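The values are calculated or read from the model by the stated rules, or taken from the named source; none is laboratory data. This one's a predicted model, so the numbers in the text were calculated from it and none came from an experiment. Cβ sites come from the backbone with ideal geometry, for glycine too, and all protein chains shown count toward neighbours. All accessible areas refer to the heavy atoms of the entire protein, side chains included, with ligands and DNA or RNA removed. Shrake-Rupley method; radii C 1.70, N 1.55, O 1.52, S 1.80 Å.
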Amino acid sequence: MPLRTRPLRSGGALVVDDAGAFTAASDALVARLGRGAQTPADLIALSRGGHVFDMDDDFSRMAFAYRRAQRLTRAQSLDYLILVPTLRCNLSCTYCQVSRVGATQSGFDWSDDTLAGVLRLIDSLPGDFIKIEFQGGEPTLRPDLLRAVIQRCERFATRQFVICSNLQSITADLLDIFDRPDVLISTSLDGDAATHGRNRTKEAASTATFAKNLERLLARYAPGKLSALPTVDPTQPPDIDGLIDAYASRGLESIFLRPINYQGFARKRHSDSREQSDAWRTYYEQFVRRIIERNWHDQSRVLEETYFSICLRRIFRPGRERHVDLRNPNPVGVDYVVIDHDGIVYPTDEARMLARSGVIDLAIGDVHRGWDTDARTALNYHATNEFDPACQRCAYQPFCGRDLVDDIARYGRADVPRLDTAFCRRHLHLFDFIFELIYSDDDAVQHSLARWLRLPGTPAALGPRLQ
């Protein structure tokens, strides 16, 4: 059976099968594997890590097929909408991804016709679950549109709404919406007041307003109602402890460490964000290791870097994550879509940003006529890493995904050789780092990994290491 290998930072190599079973092997064993078919002795040596690679019996073949199927995305019917009721915004962040317009400009909100189309779409959805994320612009500038959509979803047995806001204005009408148990709030917090002000609010008064409203909402609601994430300039990242403290001091335990996205206004104002440097990767590792140290020192709480945890769970718990960067195949316009302020439908929010920036129009339809179009079919032709020659040789393919819109954004095309893309370099580094920690003997590391995998107990209670 095919096995893929990747050198481990700590020595030896990682050996992975097509279904994502993995173990560490010596350099000598890896050399034997590379010379041809595996012998029974080779397979026994590999299986000592707790994984069975032998395919000689029907049960093993069925188990392999089941594990392989778990790794593949099975997109169901549409149940996740990203809605942009307005493109207007009351801030002008230096790294704005969507090229927003001023708060007083007209013609950038849903028309009555577009709202009607969105409501008809909601009425047509099958199933009893729906998730809607309100993006912008600043969606809270139109609470009437938020309320109209939310009220139309009452028929769903399970529903969740995420309102993304810069928290510059919290009105009584908006609080009435926030108070709903099915509404979550997402905002951005770039670190201490000076960092947040430099990146986003610009003026001390606006920075103070944000901080006051953030504290007000955190005091009003239970943990989990509100989340935040930073956008980091990789050329001048903030002090690591300062950034962690900005979250931990407010009871926020998940930090999604995002470098500036090469979209929207950021393409001009932060052109160096097109690629991620070795300096950024070093900073990222230092950040995760510092979280590990803090989790070990104070075990009453668990801090995490969100994307690290997503990738870790992707390795050990296939099929549990819907994060689109790591889906494979990653079909667009099937189980989620983005509906812009003018009713145009995009496959992803990044595709909407590219259109707003004038780079390329990746629209797949509109809210009135639908999006079962040739444009969607063309994009989905590239929506998998299964047949890419570089991916087929990569040990991390079972855990990785495909983001063709990111490739188009950075390079203007979807067929760039995998190893030449920022997406590939980012995930090769990230999975190298994750597997280094998986095979670490440090109890502090194992403690955080277990918590990020949502496992109970302490490292001493876990028995063998996570591998």
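Tabulated data
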| quantity | calculated |
| --- | --- |
| Matching entry among Leu167, Leu175 (being in a helix (DSSP H, G or I), under 30 Å from Glu203 (Cβ atoms), open to solvent by less than 20 Å² (accessible area, probe 1.4 Å) and touching a helix residue (DSSP H, G or I) at 6+ places or on another chain (Cβ under 9 Å)) | Leu175 |
| Unmet requirement for Gly401, which otherwise passes all of (1) more than 23 Å from Ala279 (Cα to Cα); (2) outside any loop (DSSP other than H, G, I, E, B) | (2) |
| Test result for Arg159, exposed (fewer than 14 other Cβ atoms within 10 Å of the Cβ) and charged (D, E, K, R) | no |
| Test: residue in the range 52-66 that is more than 30 Å from Asp109 (Cα to Cα), open to solvent by less than 40 Å² (accessible area, probe 1.4 Å) and at pLDDT below 65 | yes |
| For Gly224: the one exception among (1) within 18 Å of the chain's Cα centre (by Cα); (2) of a type in the set (Gly, Ala, Ser); (3) not in a loop (DSSP other than H, G, I, E, B) | (3) |
| In the range 294-328, residue surrounded by the fewest Cβ atoms within 10 Å (Cβ to Cβ) [restricted to those that are assigned to a loop (DSSP other than H, G, I, E, B) and modelled with pLDDT of 90 or more] | Ser300 |
| Tally, over the range 331-356, of residues that are in contact with an Asp or Glu (Cβ under 7 Å, 6 or more places away or on another chain) and outside any helix (DSSP H, G or I) | 7 |
| Yes/no for Asp432 being at pLDDT below 95 and acidic (Asp, Glu) | no |
| Total residues in the range 436-467, condition outside any loop (DSSP other than H, G, I, E, B) and modelled with pLDDT of 55 or more | 13 |
| Condition check for Asp374: modelled with pLDDT of 90 or more, acidic (Asp, Glu), more than 30 Å from Ser77 (Cβ to Cβ) and surrounded by fewer than 18 Cβ atoms within 10 Å (Cβ to Cβ) | no |
| Meets criteria (buried (at least 17 other Cβ atoms within 10 Å of the Cβ), farther than 25 Å from Glu305 by Cα, aliphatic (A, V, I, L, M) and in contact with an Asp or Glu (Cβ under 9 Å, 6 or more places away or on another chain)) for Ala363 | yes |
| Tally, over the range 320-347, of residues that are within 19 Å of Gly117 (Cα to Cα) and in contact (Cβ under 8 Å) with a residue 24 or more places away in the chain | 13 |
| Cβ pairs under 6 Å, 6+ apart, first in the range 107-120 and touching a residue at least 12 places away in the same chain (Cβ under 8 Å), second assigned to a helix (DSSP H, G or I) | Trp110/Leu145; Leu119/Arg152 |
| In the range 378-394, residue nearest to Ala19 (Cα to Cα) [restricted to those that are part of a helix (DSSP H, G or I) and within 22 Å of the chain's Cα centre (by Cα)] | Cys391 |
| Exclusive hit being at pLDDT below 95, over 25 Å from the mean Cα position of the chain (by Cα) and farther than 24 Å from Arg289 by Cα, set Ala193, Ala219 | Ala193 |
| Test: residue in the range 114-123 that is among the charged types (D, E, K, R) and either in a strand (DSSP E or B) or closer than 21 Å to Gln76 by Cα (or both) | yes |
| Answer residue from the range 381-403, given it is open to solvent by less than 50 Å² (accessible area, probe 1.4 Å) and free of Cβ contacts under 8 Å to residues at least 60 places away in the same chain and is farthest from Pro329 (Cα to Cα) among those | Ala390 |
| Criterion (at pLDDT 95 or above, among the hydrophobic types (A, V, I, L, M, F, W, C) and touching a Phe, Trp or Tyr at 6+ places or on another chain (Cβ under 8 Å)) met by exactly one of Ile122, Ile163 | Ile163 |
